[in-house]
Structures are given as structure tokens and as C-alpha cells.
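The values are calculated or read from the model by the stated rules, or taken from the named source; none is laboratory data. This structure is a prediction, so every number in the text was calculated from the model and none was measured. Here the Cβ positions follow ideal geometry from the backbone for every residue, glycine too, while neighbour counts run over all protein chains shown. Side chains are part of the model used for accessible areas, which takes the heavy atoms of the whole protein and leaves out ligands, DNA and RNA. Shrake-Rupley method; radii C 1.70, N 1.55, O 1.52, S 1.80 Å.
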Amino acid sequence: MTEIVGLGEVASLRDELARRLAGGQRFAGLYGADHDGGVRLTALVAADGDVAELDADLPADAAAYPALTPSVPAAFWYEREIHDLFGVAPDGHPRLDPLVLPLLQADPVRPRPGAEKNPQRLDPDEHALPRHVMGPGVFTIPHGPVRSGVFESVEYLVETPGEDIPHLNIRVFYKHRGIEKRFEHMAPADGVLLAERVEGIASVAHALAYCHALERLAGCVPPWPAQLVRVLYAELERIANHLDAALKLADAAGLAVAVARFGWHKERVLRLVGRLAGNRFGRGVVVPGGVSRLPALGPAAALAELNGLQRNIDVDAALLMGTSSFLDRLRTTGPLPADRARAHGALGPVGKASGHACDARDDRPYDAYPTLGAAPRRRYDDGDALARLRVRWDEVRESFHLLRQVVDQLDDIHDPTVRAPVEVAGGRAVGWAEAPQGEVLYAVQVTDGRVARCKPRSASFHNLVLFHEVFVGDILTDFPFSEASFGLSIAGVAL
Amino acid sequence: MWVFRGLRNGVVTTRWPRRPDRYFTDWHGVATIRDHPSLPPGDIEGLAELCPTGAIHTAPGNGGPDDEQPGRRVGVDQGRCIGCGRCIQARPDLFAWSAGAGVAALARQALVVPAVAETDETLAELRDDLRTRVRALGRSVHVRHLDVGSDGSDEWEVLALLNPVYDVHRLGIFFTATPRHADILLVTGAGARGMAAPLRRTYQGMPDPKVVIAAGTDAVSGGLTAPSYAIAGGVGGLVPVDVWVPGSPPSPFSVLHAILLALGRLPGPPGRRRRTDKTGKTGKEPRP
Ligand code: SF4
């Protein structure tokens with residue numbers, strides 16, 4: 001069961017957070033939920049073995065509360081998001097600009113996730129956004145929201161205030177979809193379909209994190225074959241994502257042949273997933289209590305395809321990592337210092353490349369992972385785009401290693417049961433999974449057999465804020481490399 | 001070294017549409033209805049509830065010529081279908097996968113199966129109008145992609161068109177960064193309200209004639225994210241759409257099919273597509 005601690009006032013929450021973080025636990029998120037017209041603030045704290053929820057309550061008439069960001073800087077974006085969604089202001093927050101939904105401070109209608117009511121329509125109000133800095137020698141270079149290429153929409157504003165270091169302003173609200181409210185009132189079994197569409201390039205990881213939360217509530221353990229199948233799709237998803245990052249880095253460097261090669265490999269991975277699952281993104285497979293079906297391809301055929309793929313990827317990855325002009329472009333680009341990565345709790349490859357190795361598969365193992373043998377990981381602490389790419393290649397190699405074991409074991413399955421019943425009447429729990437982007441958390445509350453509140457916390461949301469900090473050199477030429485090396489999805493940020 | 005790699009592994013590129021490609025024909029991404037089920041009234045209960053997006057509708061007879069039987073009808077709006085497969089699993093006697101990646105249509109209404117009779121005429125008109133417009137375009141066309149609230153997977157499938165397997169350059173299709181050079185606006189995503197103004201600006205920045213493709217179930221109807229305070233429930237209410245492609249996400253072949261449909265460049269009689277014959281049959285009934 002998820003540890004849930006009611007702390008009453010925000011000040012107590014702040015103290016308890018400080019105590020736990022000092023004790024080595026990790027701040028993993030902060031979200032709000034409507035609670036009888038007031039707001040329940042919940043901090044997610046990761047420790048070995050569990051993610052705890054620490055609650056504080058704001059009364060119904062509270063317009064503000066003492067900000068947590070001054071003592072927990074990693075809460076910076078979380079408090080801005082809460083401000084957008086609930087209209088309560090964190091007093092003492094260093095830069096309370098709108099993040100996911102710009103509305104004027106006076107606007108009383110907010111989405112208020114967790115509330116029974118759902119607003120009909122809310123239009124982002126550009127007046128709520130801060131004006132661009134203007135003045136002699138000061139200019140702002142907008143980058144987006146309409147990007148030059150096939151990208152998700154997001155706006156990066158580069159403010160260059162005279163001689164100072166340029167400041168990057170990240171605007172993600174353009175593609176806010178109101179996902180959190182959409183989860184509400186759904187039958188738990190339907191919610192997984194929505195979870196698959198929160199951050200579509202990590203559909204499997206999101207479905208897993210969501211289902212893990214429900215399974216913890218129901219006290220349900222998926223049948224062994226289902227646990228294996230889950231790992232199968234999660235690792236294929238990881239390979240596809242890392243190939244995508246490599247492809248985009250090669251593209252930024254103008255290596256057309258490398259782009260074509262990795263594009264081809266990525267297509268083969270998606271086709272393999274499609275042949276196994278009936279969907280190129282592995283959608284529709286993970287369900288509460290297990291999986292919907294066994295892979296449609298026999299172990300021998302799957303293994304042959306995996307081996308061929310790995311051989312091809314290995315050769316091309318080695319070639320890429322031996323292209324010195326390419327390495328020069330990545331080395332020292334977009335550096336994230338190790339102390340910043342640790343302080344923020346940077347996730348996934350971004351954290352691992354800066355010496356902060358947290359991985360939900362190791363820290364809080366789930367499904368078949370505990371029984372699968374993984375080779376010890378190499379440590380990196382350069383923190384640049386190159387280190388991030390090296391982490392990805394290591395992970396790809398590890399994924400193939402895991403996949404071979406999974407396929408091997410699936411060969412021995414005699415009982416074809418892939419789903420255990422999941423009956424959830426009510427309760428709260430946190431589920432997790434390691435997406436290609438890093439740890440995904442789902443804080444789920446079920447009331448009367450329906451989803452009452454569902455907060456997906458993607459690694460993309462947690463990591464993207466670090467993008468502010470990684471520009472030390474030429475912001476414009478480094479930009480595409482830094483962006484590709486982070487490998488995040490805006491869909492998972494703006495929800 | 002990279003130059004050398006580029007020549008390895010022979011030809012991976014599809015020859016579709018000139019030659020059939022099994023990956024195109026075997027694709028299934030959206031549900032369809034088997035041959036006009038005329039169900040006894042009791043049997044229709046609960047069918048609509050099977051679908052998480054409300055893509056399945058049930059109604060009393062439509063009063064058309066094929067409705068003499070006192071049955072009730074059931075249909076699928078593929079524009080809302082996210083391909084979860086639940087209906088097919090629960091009632092394989094009624095529902096099946098729509099066969100092939102060619103699922104795009106020239107009218108929103110034409111994504112509803114079985115087709116309503118009026119759709120034929122509308123389609124013919126739309127096809128003629130589109131043909132007049134695209135006549136001015138040369139052999140090479142430029143596509144501007146814009147995300148207006150996708151889940152991120154749609155971009156992967158659009159981008160895949162540039163990989164060596166689909167290699168759309170061979171068909172004279174290029175992606176462009178500037179609206180001023182674009183002939184086709186390829187829109188993905190559920191129609192997030194924050195993107196309404198940038199979408200309008202991009203559309204207005206394109207020269208005439210221009211074609212708009214709503215790529216993916218999200219772009220067609222909002223998919224599973226609809227209804228929501230933050231989206232318009234598809235992009236049809238934000239810009240005039242010419243081609244509608246379902247799929248969650250649409251496969252690369254589905255997107256390519258839509259582009260060629262818009263350009264009237266699919267093989268066979270111009271603009272021919274399944275689902276246009278009077279009986280409402282798809283011509284390619286999925287195998288049972
Ligand atoms: S496949 Fe799923 S989304 Fe599509 S019609 Fe059937 S139940 Fe609805």
C-alpha cells in the first residue's frame with residue numbers, strides 16, 4: 001500500500017519534506033486535488049521501495065499558501081502548474097508565470113482536477129503571459145510554437161539581456177489538452193487507454209504506471225506470462241525512443257546517411273511491435289491485472305528479428321560514436337552539472353549522464369524485472385549531450401539483453417492466463433514505471449469504482465525545467481543538440 | 001564511412017503506390033462494421049457502450065431503401081475510433097478491422113460506416129473541387145506539418161515518411177518549414193485551444209490553392225481526449241479540412257495515402273476510394 005501521510009498545514013508539509021529529503025529521499029512531484037472546494041496539496045517522495053504521498057490541505061477560501069519552491073527548488077514548475085489549474089498562488093514563488101494554462105489571476109473558473117464539475121471551455125489568455133523584455137541591446141528570439149520541422153509544438157523564448165547570460169523561457173501551454181480532468185469518472189479499465197495517450201511515444205510505460213497503481217489498490221499480482229510480456233513491450237519502446245534521439249542528433253549534425261539508417265532501424269522496431277501487438281506503439285496490450293494477449297509472433301521468429309536488429313544497430317552506433325566531427329558537436333554541449341542533477345532529482349538518461357542514476361526498474365522493481373539478469377551499468381558524470389547519448393546506447397544494449405531473456409522464458413509458458421481480475425472500489429495509490437524518458441509516476445484515486453483523480457507525472461515534465469540551465473555557450477547553435485539529447489515529449493509536459 | 005553504409009542492405013524502400021505493399025494491405029488501425037447488420041431490437045443493447053470514445057452508434061432503421069426490415073442498425077464512426085479493438089473482441093460477428101491503411105476520406109461524414117446514401121454526391125462534389133484546386137500544383141508538393149495537441153506519436157508516424165522505407169521524396173513530396181512554400185497543411189492533434197491562433201496564422205500564411213489534412217483520430221474528432229475544456233474536439237472547427245485520416249496514431253502509410261488522395265494521385269480512376277459504391281460496401285470487406 002502506498003504510504004499516505006496527512007500533515008494538515010502546508011508548513012508541516014514543508015517540514016516533513018525537508019526532513020525526508022535530508023534523509024536521502026527524493027522529491028518526485030507535487031500536485032493538487034480539489035477537496036471539498038479547497039485544495040489538497042500532495043508531494044510525491046520517492047524512497048527505496050515506495051513513493052509516499054504527503055498531503056496538506058488548503059481551506060476552501062484560501063487564495064494563497066506559502067510556496068514550497070524556496071525550500072524545495074525542484075517544485076518550481078509544479079507550483080506554477082498548480083497555480084494554473086486551481087488558481088491558488090504560492091506566496092514567495094520566484095517566478096509565477098503561467099505554465100500549462102495561462103489565465104488571468106482574477107479568472108475564477110479553473111479546471112480544478114478532482115472536483116466534480118468540469119469547465120465547458122477555457123481559452124488560454126495571452127494577457128496572462130509576461131511581456132517580452134525590451135530595451136537597448138536586449139532582444140527576444142522566439143522559437144516556436146510553430147516549429148520548423150516535424151516537431152511537437154512548444155515555444156522557446158531566448159531572452160538575451162545585454163551582456164548577461166541569455167535566459168530561456170519555455171512555454172508549453174500551447175498543447176495543453178486537459179487530460180487530468182478527462183480521466184475523472186472513467187471506469188478504471190478505460191483509464192489505461194487514456195494513459196497510453198498522455199505521452200504517446202511512451203505509451204507502454206504510462207499504461208504500466210497507471211495499471212501498477214490500480215493493481216496495488218486491488219492487491220493483484222499479474223500472471224507471470226503477463227509480467228514477461230510487459231517487459232517485452234517496455235524494452236522495445238525504449239529502443240525505439242533511443243533510436244529516435246540518435247536520429248535527431250544525427251540530423252542536427254547534418255549526417256544524412258546516419259539519419260536514414262537510424263530511421264530505418266526505428267521503423268523496424270515499430271513494425272516488430274506492430275507484428276507482436278497489433279499496434280506499432282504497443283497500445284491495447286497492457287491492461288489492469290496483466291496484458292490483453294500474448295505476442296502474435298513465435299519466440300523463434302521474434303528472436304531472429306531481434307538479433308538482426310541488434311547487429312545492425314550495433315554497427316551503426318559504433319560508426320556514429322566514431323565520427324569525430326559528430327562527437328565534437330556533442331562534447332560539452334548542454335552540460336548539466338552533477339550537483340544540479342542530484343538536487344533536482346533528474347530522471348532517466350538526463351540524470352544518468354550527470355551521475356544521478358535513478359531507475360525505477362532497479363530502485364522499485366516491478367513485473368518480471370527482479371528475476372531478469374541485468375549487467376551492471378556504467379557510470380557517467382560528464383553531463384553533456386555526448387554522455388546522454390552514451391547512456392542511451394548502454395540502455396539499448398541492456399534492453400536487447402533483457403528482451404532475449406524474456407523471449408526465452410515466453411517459450412516455456414504453459415499456462416496461457418495473462419490477466420488477473422482487478423476489482424477496485426476505492427482508495428489511493430501511486431504506480432510507477434521506467435519510461436525511455438525516465439521514471440513515470442501515476443497518482444491514482446478511485447472512488448465508488450470510478451477514477452476520481454489521476455495525476456500522471458512524466459519524466460518529461462520533471463526534466464524539461466532543467467533545460468533552462470544547460471545553455472552556457474552559444475544558445476542558438478547548441479539548441480538542436482541539447483533538445484534532442486534530452487529526448488522529451490511535450491505531450492507529457494503540458495498534459 | 002557513412003557514404004558506404006548508405007549503399008548497404010539493398011533496397012528497403014516501398015514501391016507503393018505503384019506496386020502493392022503488404023504492410024499497406026495488412027494494416028488494421030480502425031474498426032468497421034460487417035455487412036449491414038440488421039439486428040433484433042434486443043440485440044442492440046449495450047453495443048454503443050462497448051466503445052470508449054463513443055464511435056459506435058445504434059439507431060432505429062434509417063428509413064432508407066435498405067431498411068424494410070423492422071430491425072435496428074448499428075454503425076461505426078471511424079473518425080472517433082482509436083482502434084482499441086474492444087468491439088471486435090466482444091462482438092466479432094458484428095465488428096471487424098477495416099482492412100488496409102487506406103482509411104482517409106474526403107468528407108468527415110464518409111468516415112461513418114455503413115455509409116449514408118447522400119455521402120456519395122457530396123464526395124463527388126468535394127472531389128471535383130479538390131481536383132480543380134490541386135491542378136495548379138506541380139509534380140512536387142510541399143507539406144507543412146503542424147501539431148495542435150497531439151500525444152506525440154503522430155509526429156513519429158509523420159516523420160517516418162522521410163525514412164528510407166517510405167522515402168516520400170521519390171513521389172515529389174517534401175516537407176517545408178515555411179507556410180509560404182507549403183501546398184498542404186498536415187495537422188496532427190486534438191485541436192488544443194492554445195494552438196488555435198497559431199494554426200489559423202499558418203493556414204492564412206499559405207498561398208492558394210491549399211489543402212488541409214487532418215491526420216489522426218485526434219485531429220478528426222479529438223479521439224479519447226474529447227470532450228475537454230482545453231480542446232476543440234478535432235481541427236475541423238478551426239480550419240477548413242479537405243482530407244480526414246483516422247488512426248490513433250495513423251500509420252505512415254495512412255498519412256501517405258491521405259496526401260495522395262488529396263492530390264488525386266492514387267492509382268485507378270481519379271480519386272477512387274473504397275466506400276463510395278451505392279451499397280455502402282467497402283469493396284474490401286475484411287476477411288472474417
Ligand atoms: S476499436 Fe475501440 S475505439 Fe474503435 S470502434 Fe471499436 S471499441 Fe470503439
Scan of region B:170-183 for residues that are free of Cβ contacts under 8 Å to residues at least 40 places away in the same chain, at negative phi and more than 11 Å from every other protein chain (Cβ to nearest Cβ), ordered by number: B:PHE174, B:ARG180, B:HIS181
Qualifying positions in region A:42-57 - modelled with pLDDT of 95 or more and over 15 Å from A:ALA429 (Cα atoms): A:ALA56, A:ASP57
In region A:235-272, residue farthest from the other protein chains (Cβ to nearest Cβ) [restricted to those that are farther than 21 Å from A:GLU199 by Cβ and without any contact (Cβ under 8 Å) to a residue 12 or more places away in the chain]: A:GLY254
Enumeration of residues in region B:111-122 that are away from the ligand (no atom under 16 Å from the Cβ) and not in a loop (DSSP other than H, G, I, E, B): B:THR119, B:ASP120, B:GLU121, B:THR122
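Residue-wise test of (1) open to solvent by less than 10 Å² (accessible area, probe 1.4 Å); (2) over 17 Å from A:GLU305 (Cα atoms); (3) out of contact with any Pro (no Cβ under 8 Å at 6 or more places or on another chain).
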residue: A:VAL204; (1), (2), (3): yes, yes, yes
residue: A:CYS211; (1), (2), (3): yes, yes, no
residue: A:LEU228; (1), (2), (3): yes, yes, yes
residue: A:LEU243; (1), (2), (3): yes, no, yes
residue: A:ALA246; (1), (2), (3): yes, yes, yes
residue: A:LEU249; (1), (2), (3): yes, yes, yes
residue: A:ALA258; (1), (2), (3): yes, yes, yes
residue: A:GLY263; (1), (2), (3): yes, no, no
residue: A:ARG268; (1), (2), (3): no, no, yes
Residues that are open to solvent by 10 Å² or more (accessible area, probe 1.4 Å) and either closer than 18 Å to B:VAL255 by Cβ or among the aliphatic types (A, V, I, L, M) (or both), drawn from region B:203-217: B:LYS210
Matching entry among A:ASP384, A:ASP412, A:ASP408 (being over 21 Å from A:ASP48 (Cβ atoms), loosely packed, with under 14 Cβ neighbours inside 10 Å and touching a residue at least 24 places away in the same chain (Cβ under 8 Å)): A:ASP408
Matching residues in region A:104-121 - criterion: being farther than 24 Å from A:ARG14 by Cβ and within 11 Å of chain B (Cβ to nearest Cβ): A:VAL109, A:PRO111, A:LYS117, A:ASN118, A:PRO119, A:GLN120, A:ARG121
Residue satisfying all of: in region B:73-101; in contact with a helix residue (DSSP H, G or I) (Cβ under 9 Å, 6 or more places away or on another chain) and β-branched (Val, Ile, Thr); farthest from the ligand (Cβ to nearest atom) among these: B:VAL74
Filter pass, B:TRP2 being modelled with pLDDT of 85 or more, more than 10 Å from the ligand (Cβ to nearest atom) and out of contact with any Pro (no Cβ under 9 Å at 6 or more places or on another chain): no
Residue in region B:93-108 that is in a helix (DSSP H, G or I), among the small types (Gly, Ala, Ser), buried (at least 18 other Cβ atoms within 10 Å of the Cβ) and at pLDDT 90 or above present: no
Count - residues of region A:93-126 that are at pLDDT below 90 and either open to solvent by less than 30 Å² (accessible area, probe 1.4 Å) or more than 26 Å from B:THR225 (Cα to Cα) (or both): 2
